[in-house]
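Visitor: Take a look at the following structure, please.
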Amino acid sequence: MGWGELKAIPNEYNDKFKSIDESIMTLIQDRKGLSRGKRIFPPQEMIQEWANRYEMDIPQINWLMHSLNHPEQPFIRNEPGELLSVVPIMKKTIHDSFEYFITHAMQHENASVVNLEIRSGNVDHAGHIRPKLLLEVKGKDEFFVRSHGSHGGGGQAHLSFLVRPRLPDDIREVLFALIPFSSPMGTPPKEIILDQEVQFE
């Protein structure tokens, strides 16, 4: 069998889409030039107003603002690198009957991995928690944060976040917060149902 030519996938792109896309590119470049690498983020009241006006979820607006604020990070092979130490953080707060614990940071060569536990304070809560959250880290340095995995069930969830550059070992001057965060283009995870009887010999 011989090699065939790759063909363009047909789509309905037209001048109207082109005009909108070019406006988006221009605005992104304008914003980048104005911010000059600084993190510029609108107040939450404004984000709430936009959510109402444009019928968008607050986590999706925060995703967009976060994307505009943080330049692309260089690819690091074997990110985050070798584990060097573990720094206890031990921060706890309660909000809407859920307990949030930032337990520790695993200090690697190239980054930190910060661990968050969420538990329902309601003993009757047996539902699946699906957090749409991103960790905010503020300190002397400018920190880039992205999700690094999650799992959970039975009224609790565990999330980890990759933080670059690595957090200082003395975290007394570092502030942590959680913001609503969700990609508008994200797709829900595929659900695999296991419902057949299984026998062990």
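Visitor: State whether the residues of the stretch 114-124 include one that is of a type outside the set (Gly, Ala, Ser), at pLDDT below 85 and under 16 Å from the mean Cα position of the chain (by Cα).
Guide: In the first step, residues of the stretch 114-124 are kept if they are of a type outside the set (Gly, Ala, Ser); the result is 114-119, 122-124.
Pick out the ones that are also at pLDDT below 85 and you get 122-124.
Among the residues that remain, those that are also under 16 Å from the mean Cα position of the chain (by Cα) are: none.
No: the stretch 114-124 contains no residue that is of a type outside the set (Gly, Ala, Ser), at pLDDT below 85 and under 16 Å from the mean Cα position of the chain (by Cα).
Visitor: Quick check on the stretch 40-75: of everything there that is open to solvent by 70 Å² or more (accessible area, probe 1.4 Å) and part of a loop (DSSP other than H, G, I, E, B), which residue is modelled with the lowest pLDDT?
Guide: Phe75
Visitor: Applying the selection to the stretch 12-39, what residues are modelled with pLDDT of 85 or more, open to solvent by 70 Å² or more (accessible area, probe 1.4 Å) and among the charged types (D, E, K, R)?
Guide: Asp15, Lys16, Lys18, Glu22, Asp30
Visitor: Give the number of residues within the stretch 150-186 that are open to solvent by 30 Å² or more (accessible area, probe 1.4 Å), free of Cβ contacts under 8 Å to residues at least 40 places away in the same chain and within 19 Å of His104 (Cα to Cα).
Guide: Residues flagged as open to solvent by 30 Å² or more (accessible area, probe 1.4 Å), free of Cβ contacts under 8 Å to residues at least 40 places away in the same chain and within 19 Å of His104 (Cα to Cα) within the stretch 150-186 amount to 9.
Visitor: Scan the stretch 127-160 residue by residue and report those that are β-branched (Val, Ile, Thr) and not in a loop (DSSP other than H, G, I, E, B).
Guide: Correct list: Val137, Val145.
Visitor: Then there is this: Kindly indicate the residue of the stretch 126-135 that is at pLDDT below 90 and not β-branched (Val, Ile, Thr) and also least open to solvent (accessible area, probe 1.4 Å) among those meeting that condition. Spell out how you get there, then give the answer.
Guide: Step one: of the stretch 126-135, the residues at pLDDT below 90 are 126-134.
Imposing the further condition that a residue be not β-branched (Val, Ile, Thr) reduces the set to 126-128, 130-134.
Numbers: Ala126: 86, Gly127: 33, His128: 132, Arg130: 148, Pro131: 44, Lys132: 83, Leu133: 43, Leu134: 2 Å².
Checking each candidate, the answer is Leu134.
The values are calculated or read from the model by the stated rules, or taken from the named source; none is laboratory data. These numbers were taken from a predicted model, which means no experiment stands behind them. A quick note on method: Cβ atoms are made from the backbone with ideal geometry, for glycine too, and the neighbour counts reach across all protein chains shown. Side chains are part of the model used for accessible areas, which takes the heavy atoms of the whole protein and leaves out ligands, DNA and RNA. Shrake-Rupley method; radii C 1.70, N 1.55, O 1.52, S 1.80 Å.
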